[in-house]
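First the structure, in the form of structure tokens, and then the observations on it.
Coordinate-derived values only; no laboratory data. Not measured: the values here are computed from a predicted model. Positions of Cβ are generated from backbone atoms using ideal geometry, with glycine treated the same way; all protein chains shown enter the neighbour counts.
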Amino acid sequence: MKKVLCFGELLLRISPFMKETNQDPFSIFIGGAEANVARALACFGVDVEYCSALPSNFMTSEIMKFLNDYEVGTNQMILRGDRIGIYYLDQGADLKGAVVYDRADSSFAKLQTGTIDWDQVFEGIDWFNFSAITPAINQNLADICLEAVKVAAQKNIKVSVDLNYRSRLWKYTSNPISVMEQILPYCNLVMGNIWSANTLLGIKIDEEIHAKKSKQAYIDQALAVSKEIIAKFPSCNIVANTFRFDREENQILYYTTLYQKAVNYQSPEFIVDQIVDKSGSGDCFMAGLIYGILQEHQPQQLLNFATAAAVGKLQEKGDGTRQSITSVNNLLLKNK
């Protein structure tokens, strides 16, 4: 069985759940983009290891036990530093909006270049996954990501990156493009959306696209962006884009595209009512893509599965998913 390594900061999320009772009004969830991907992959039966940095204390022991209960490996966890990163998010809110980060000087944020033995960490690994959130934290972590992808490329390990852009994190540089352009030449699967590709890679998009009010305009733009990414970074052979639009109150229109071998595939449309939590949806999409590729599914099949996994996460509380392969496939069949 092929094995995936996810690398990124584990975070504790605090969200308010106001009730009419006298119970405490807040809930705590384990989050972080790469941790969410690892949990989803484990739910899909993929052998997965998670690498992050946490302080050596009882909280870390409980977190690792929680991940192990999901069958996420923690043998590569780095125990050092003094604190776990935190973020605060209103229930159901989007991470691009009402989010407050409290992760400065966390164990992960204080990692230094040259301290991770990537030859050892990558032993037995076939796929490496990370997100653009990690190089956004500081220059050291950007350099660590570059270290990792270079070693992965030398070992013929496939690399996937989620171009999730967090403006509140990119503080140490005014030019994230210059950072990401050093990392992308070593990536094989790029996932994100047309707007993050513009912000993080400098790929031009139609600034008036929203005014066109046309799904085909978005699909055409995704195709153009995908082609440019592959032309600019030849190691990349798959580009996936997500589209998530708010419609009526608490309703979302969701669909995706995947570009591979000069073919642009489109997922079915999903109209999602009663959104429970927006966090982690894109992470489930990434996990679905990796799962489908490792299973050697055809592009349309793996895109449909990944899209349904993302939609299913929108209806779950917290950052991580509990979906199984069967539940995702059932959701896909129901949508048809």
When the chain is treated as a Gaussian network with springs between alpha carbons less than 10 Å apart, the largest mean-square fluctuation among 150, 212, 227 is found at 212
Suppose we keep just the DSSP beta bridges with both residues in the stretch 1-123; what percent of those would be antiparallel, to 5? 45
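What is the order of 167, 324, 281, fewest Cβ neighbours within 10 Å to most? Write out the running numbers ahead of the final one.
Details: 167 10, 324 13, 281 27.
Ascending Cβ contact count within 10 Å gives the list 167, 324, 281.
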Quick check for you: which residues of the stretch 74-91 have the amide N under 11 Å from the point 7 Å beyond the Cα of residue 26 toward its beta carbon? 87-89
Taking semi-axes √(5λ) of the Cα gyration tensor in Å as the quantity of interest, determine which of (1) 39, 20, 17; (2) 27, 25, 20; (3) 37, 19, 18 was computed from the displayed structure. (2)
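Which trypsin sites (Lys or Arg not before Pro) in the stretch 239-295 pass both tests, a DSSP loop state and at most 16 other beta-carbon atoms within 10 Å? Working shown, then result.
Working: sites: 244, 247, 261, 278; in loops: 247, 261, 278.
Those satisfying the criteria are 247, 261.
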Need one number: % antiparallel among DSSP beta bridges in the chain, to the nearest 5. 50
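Tell me, what is the FRET efficiency for residue 126 and residue 68 to the nearest 0.05, using R0 = 30 angstrom and their Cβ-Cβ distance as r? Intermediate results must be reported in sequence, preceding the final value.
Working: r = 21 Å, r/R0 = 0.70.
Plugging the Cβ-Cβ distance into 1/(1 + (r/R0)^6) gives 0.90.
Provide the FRET efficiency to the nearest 0.05 for the residue 219-residue 275 pair, computing r from the beta carbons and using R0 = 30 Å.
With a Förster radius of 30 Å, E is 0.80.
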Along Cα→Cβ, 7 Å out, is where each label goes; now give me the distance between the ones at residue 154 and residue 82 in nm to one decimal. 3.5
Simple label model, 7 Å out from Cα along Cβ direction - residue 249 to residue 315, nm: 2.1
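Just want the ordering: 13, 168, 103, from fewest to most Cβ atoms lying within 10 Å of their own Cβ. Kindly include the intermediate steps, with their values, before the conclusion.
On the way: 13 22, 168 12, 103 19.
Final ranking by Cβ density, sparse to dense: 168, 103, 13.
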Would you mind ranking 169, 54 so that the residue whose beta carbon has the fewest other beta carbons within 10 Å leads the list? 169, 54
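Which residues make up the longest stretch of the chain that has no GluC sites (Glu not before Pro) in a DSSP loop with at most 14 other Cβ atoms within 10 Å? Please report the intermediate quantities before stating the final value.
Details: sites that count: 20, 123, 207, 208, 248, 249, 269, 296.
The reported range is 21-122.
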Cα-projected label distance for residue 227 with residue 334, points at 7 Å along beta-carbon direction, nm: 3.8
Excluding residues fewer than 8 places away in the same chain, name every one of the lysines whose C-alpha is closer than 26 Å to that of residue 317. 19, 65, 96, 278, 334, 336
